[in-house]
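The values are calculated or read from the model by the stated rules, or taken from the named source; none is laboratory data. What you are looking at is a predicted structure, and each value in this text was computed from that prediction instead of being measured. Cβ coordinates were reconstructed from backbone atoms using ideal geometry, including for glycine residues, and neighbour counts include every protein chain displayed.
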Amino acid sequence: MFDYDSELARHHERLLEALGLRPGDRVLDIGCGTGRTTRDAARAASPGTALGIDLSEPMVARARLQAEAEGLGNVDFVQGDAQSHAFPPEYFTLAVSRFGTMFFGDPVTAFANIGRALRPGARFVQLVWQAADHQEWHTAIRAALSPGPASSASAPAGEDPFALADPQVVTEALTGAGLTAVDVVDVHEPVCYGPDAERALAAVLQLRMAREWIGDLDAVSAERALDRLRVALDAHDTGAGVWFDSRAWLVVARRG
């Protein structure tokens, strides 16, 4: 399982700063993955609570095990779709998502469902990727594994990590869902794929995009692509990890 917590460590710090968690908060974590953000929120909000939701049962299972190992009794996880899950109405004081909202098939419907779960005045804070050409991790890996011209076809709904890259698109989706006071702030932080190039290679090959690009190649072309990827990872090995530049949007909205 890919280690998103290590990849997104710098972004995670920025997100926690923006949350401004307070004791007694009731936090909803959308697309929680293995639950790092949910658990950190639970600690900061105690004696409040945190609930994480994610489509992936393996990730939710790992999140539960980690919370138990850390002795957190005020955190819970549910496997489900935040777009349609029946959250308790007007219950949560804060909603958060660390790169988990770009994959909704219908963002307006999803944001409206999340909004109904928030108390009036509560914030919804999310990180989403900016455009693909602002992501060195995407452009460098793609250049290595799929060096031909980029396809002009759009990714199917629910599969595009850059679906909310346009601030106007995410703003319109949030306001269309009834949320207000939308604020979009640039976040410029690198991502890390491992402590060294060898382990970064193993990590990258767990990514869906990498598997799909290699899967389109014959055996000889695939080996050449892997050689190019090794060169790219070596070039980004700082001696303190393999880092690639990236840009995200920190998006904040409120339940009216």
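Being part of a helix (DSSP H, G or I), free of Cβ contacts under 8 Å to residues at least 40 places away in the same chain and farther than 25 Å from Gly241 by Cβ, is that true of even one residue in region 46-58? Outline the logic, then answer.
From region 46-58, those part of a helix (DSSP H, G or I) are 57-58; that's our starting set.
Okay, now just the ones that are also free of Cβ contacts under 8 Å to residues at least 40 places away in the same chain, so 57.
This time we only want the ones that are farther than 25 Å from Gly241 by Cβ, so: 57.
Yes: region 46-58 contains one or more residues that are part of a helix (DSSP H, G or I), free of Cβ contacts under 8 Å to residues at least 40 places away in the same chain and farther than 25 Å from Gly241 by Cβ.
What are the residue pairs meeting all of these: first residue in region 220-235, first residue within 16 Å of Pro195 (Cα to Cα), second residue surrounded by fewer than 18 Cβ atoms within 10 Å (Cβ to Cβ) and not hydroxyl-bearing (Ser, Thr, Tyr), Cβ atoms under 8 Å, and 6 or more apart or on different chains?
Ala232/Ala143
Hey, could you check region 59-78 for residues that are among the charged types (D, E, K, R) and assigned to a helix (DSSP H, G or I) and say which is farthest from Gly31 (Cα to Cα)?
It comes out as Glu68.
Any residue at all in region 83-101 that's among the aliphatic types (A, V, I, L, M), in contact (Cβ under 8 Å) with a residue 24 or more places away in the chain and not in a strand (DSSP E or B)? Steps first, answer last, please.
Let us first name the residues in region 83-101 that are among the aliphatic types (A, V, I, L, M), namely 86, 94-96.
Filter once more, keeping what is in contact (Cβ under 8 Å) with a residue 24 or more places away in the chain: 94-96.
Pick out the ones that are also not in a strand (DSSP E or B) and you get none.
Scanning region 83-101 turns up no residue that is among the aliphatic types (A, V, I, L, M), in contact (Cβ under 8 Å) with a residue 24 or more places away in the chain and not in a strand (DSSP E or B).
All but one of (1) assigned to a helix (DSSP H, G or I); (2) closer than 27 Å to Arg10 by Cβ hold for Leu164, so report the exception by its number.
Result: Leu164 passes all but (1).
Could you check region 144-183 and list, in sequence order, the residues that are at pLDDT 95 or above, more than 13 Å from Phe104 (Cβ to Cβ) and not hydroxyl-bearing (Ser, Thr, Tyr)?
Phe162, Ala165, Asp166, Pro167, Gln168, Glu172, Gly178, Leu179, Ala181, Val182, Asp183
Which numbered condition in (1) touching a Pro at 6+ places or on another chain (Cβ under 6 Å); (2) over 30 Å from Asn113 (Cβ atoms) is the only one that Val184 fails?
Evaluating Val184 over (1) touching a Pro at 6+ places or on another chain (Cβ under 6 Å); (2) over 30 Å from Asn113 (Cβ atoms) leaves (2) as the failure.
Considering only residues that are part of a helix (DSSP H, G or I) and among the β-branched types (Val, Ile, Thr), look in region 20-45 and name the one that is surrounded by the most Cβ atoms within 10 Å (Cβ to Cβ).
First pass over region 20-45, keeping only residues part of a helix (DSSP H, G or I): 36-45.
From the residues that got through so far, the ones that are among the β-branched types (Val, Ile, Thr) too are 37-38.
Values: Thr37: 27, Thr38: 29.
Among those residues, the one meeting the criterion is Thr38.
Can you spot a residue in region 142-159 that is assigned to a strand (DSSP E or B) and in contact (Cβ under 8 Å) with a residue 12 or more places away in the chain? Explain how you work it out, then say what you get.
Filtering region 142-159 down to residues assigned to a strand (DSSP E or B) leaves none.
For region 142-159, residues assigned to a strand (DSSP E or B) and in contact (Cβ under 8 Å) with a residue 12 or more places away in the chain: absent.
Please identify the pairs in which a residue from region 194-206 that is of a type outside the set (A, V, I, L, M, F, W, C) has its Cβ atom under 9 Å from the Cβ atom of a residue that is modelled with pLDDT of 95 or more and assigned to a loop (DSSP other than H, G, I, E, B), counting only partners at least 6 apart or on another chain.
Gly194/Gly241; Pro195/Ala240; Pro195/Gly241; Asp196/Gly239; Asp196/Gly241; Arg199/Tyr193
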